[in-house]
Each structure stands twice: as C-alpha cells, then as structure tokens.
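Here is the structure we will look at.
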Amino acid sequence: MGKNTIIAIAGASASGKSLFASTVYQELVAELGDERIAILSEDAYYRDQSHLSFEQRILTNYDHPAAFEHQLLTSHLHALRSGEAIKMPQYSYKTHTRTEETITVQPAKVVLVEGILLLTDARLRSQFDITVFMDTPLDICLLRRIKRDLEDRGRSLSSVTEQYETTVRPAFFEFIAPSKQYADLVVTRGGKNQIAVDIIKTKIRQLLAEK
Ligand SMILES: Nc1ncnc2c1ncn2[C@@H]1O[C@H](COP(=O)(O)OP(=O)(O)O)[C@@H](O)[C@H]1O
Ligand SMILES: Nc1ccn([C@@H]2O[C@H](COP(=O)(O)O)[C@@H](O)[C@H]2O)c(=O)n1
C-alpha cells in the first residue's frame, strides 16, 4: 500500500454512508487529532449549475453519473495523495448548485470519501485502496431519505416520492447495486453499525502506525 490511503464508502442514498464516514472520522480525530485524517463527500462534486435557472436545475437527474464532476474529484484525490491541499467545492441541495465557498482540505495520511456512485467509475476506483459498500435495505433507505429530505433538504413529500420513482430507485439498480462487486467490505445495518466502524478504525490505526 502506498504512502497515503484512500478509503471509499459507497451505497444507496440514505444507506448511512455519511453517518458511517463521519463516525469513523470523528472518533479517530478525538483519539489521534485531525492532521492525519481527512474526509470528503462525492456530493460536493455535483456539477456547478449556477448558469442555469432554478426551473432548469430541478430537471437534472442527480442519480446519474453525468450529474457529477468525477474528473475533478479524481484529480483532487490524486492531489491529496501527492501531498497537495485541495479546495473542495461546497454544494447546496436547496439551490441544486455549488455555493461560492470552498473548503481547503489538507493532504492527510488517510482520506475518507463517501458517495453513491464512487465505485461505478473506473477512474475513481483506481484511486481507492479500501472500498466499503453500505448494504442497507432499500425500503429502510427510502424511509430515512423521506425524513432527511423533508427536514434538511427543503423538499416536499410529493417531490421526494416522484424523484424516488423516476431517478433514485432506477439508478440504484442500474449503477449502485452492481458496483457492490468492487467493495472489499460490505456493511449491513447502516451508519450505526459500531462493529464495522471499529473494524475500519482498527485498520486505519494500523496504517497510521506503519507510516
Ligand atoms: N443505522 C441507522 N439507524 C438509524 N438511523 C440511521 C442509521 N444510519 C443512518 N441513519 C440516519 O439516516 C439518514 C441518512 O443517513 P446518511 O448517513 O445521511 O445516509 P447517506 O450518506 O448514505 O445518504 C440520516 O438521518 C442518518 O442519521
Ligand atoms: N440537487 C440535488 C443533488 C442530489 N440529490 C440527491 O442526493 C442523493 C445523493 O446524496 P446522499 O447524501 O443521499 O447519498 C442522490 O440520490 C440525489 O437524488 C438531490 O435530491 N438534489
């Protein structure tokens, strides 16, 4: 394994990727400090749509690989691996585009990145050293997505159900489920699976001790 390690966490929308990645990150930062571990989200790399009207933006299929700037994410992962800081875009689910701000991410020995389509793209897969797939039943994901999108993402119940039927569910079967074959580890029961969190933390501690 190279000098730096990139760990990808993929799976369906609302399968618990973000909770899992942030739990691993926060628990390790509390224990070891934050200079050796970084965290990124694929969602930050949704394409900038500031040149489009709001009415045009809501027509985008946000579950299709074309919605993401995967080339930029690949180059940012490559830069972090090479010891360079990156400016991670920031994304708003309410305006469906990037905000003006970026977050500077310093290179770290271990980089966690989470997102629905990470394992579907060969360019991205070539950057990953360890891959995890959150295998949460789709009905549980839907219940969690409804709650989250209504509470946090400014959506209505009708917009969530329509989007689920037209793009979210079809994309799960077309892109996300087949990408499970690229996972080293498959995690059941979502972001609160503490045994799986502990296994990844143990692996990270081991990697940091080797370096
Ligand atoms: N095992 C779990 N039990 C209960 N709630 C969970 C569990 N895993 C995730 N959640 C909740 O489900 C919602 C979606 O989880 P999140 O981590 O944001 O999913 P993703 O990043 O895969 O879209 C969040 O509100 C999160 O707190
Ligand atoms: N403007 C947007 C952008 C994305 N989405 C949905 O977000 C999902 C991916 O994020 P998760 O945190 O759920 O993994 C994806 O399924 C998109 O449908 C959106 O609704 N609006």
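The values are calculated or read from the model by the stated rules, or taken from the named source; none is laboratory data. Keep in mind the model is a prediction, meaning the values are calculated, not measured. So basically every Cβ, Gly included, is an ideal-geometry build from the backbone, and we count neighbours across all protein chains shown. The protein model used for the area step is the full one, side chains on, heavy atoms only, and it has no ligands, DNA or RNA in it. Shrake-Rupley method; radii C 1.70, N 1.55, O 1.52, S 1.80 Å.
What the table shows:
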{"quantity": "Considering only the chain, percent of DSSP beta bridges that pair antiparallel, nearest 5", "calculated": "30 percent"}
{"quantity": "Degrees separating the helix 17-32 axis from the principal Cα axis of the chain, which is the longest one", "calculated": "30 degrees"}
{"quantity": "Beta bridges per DSSP with both ends in the stretch 9-127, % antiparallel, nearest 5", "calculated": "55 percent"}
{"quantity": "Solvent exposure, largest accessible area first (probe 1.4 Å, DNA, RNA and ligands not counted), of Y182, Y45, Y62", "calculated": "Y182, Y62, Y45"}
{"quantity": "Separation in nanometres of the label points that stand 7 Å from Cα toward Cβ, at F173 and I146", "calculated": "2.0 nm"}
{"quantity": "Helix 70-81 vs. the chain, principal-axis angle (Cα, 0 to 90°, nearest 10)", "calculated": "20 degrees"}
{"quantity": "With DNA, RNA and ligands ignored, accessible area of T102 (1.4 Å probe; Å², nearest 10)", "calculated": "70 Å²"}
{"quantity": "Structure-based [θ]222 nm, the chain - -39500 (n - 2.57) summed over DSSP H runs of at least 4, per residue, nearest 500", "calculated": "-10500 deg cm²/dmol"}
{"quantity": "Cα→Cβ-extended label distance, 7 Å offset, between H64 and R189, nm", "calculated": "3.8 nm"}
{"quantity": "Centre separation in Å (Cα based) which lies between the stretch 77-128 and the stretch 4-53", "calculated": "8 Å"}
{"quantity": "GNM result for the chain, Cα springs below 10 Å: residue of E55, E27, E35 fluctuating most strongly", "calculated": "E55"}
{"quantity": "R0 of 25 Å, Cβ-Cβ distance Q206-Q106: FRET efficiency to nearest 0.05", "calculated": "0.65"}
{"quantity": "FRET efficiency, 1/(1 + (r/R0)^6) with R0 35 Å, evaluated for L72 and L157 via beta carbons", "calculated": "0.55"}
{"quantity": "Where labels lie 7 Å past Cα in the beta-carbon direction, separation of A79 and D48 in nm", "calculated": "1.3 nm"}
{"quantity": "Residues of the chain: accessible area per residue with a 1.4 Å probe, Å²", "calculated": "49 Å²"}
{"quantity": "With all protein chains modelled, accessible area of D129 [1.4 Å, Å²]", "calculated": "50 Å²"}
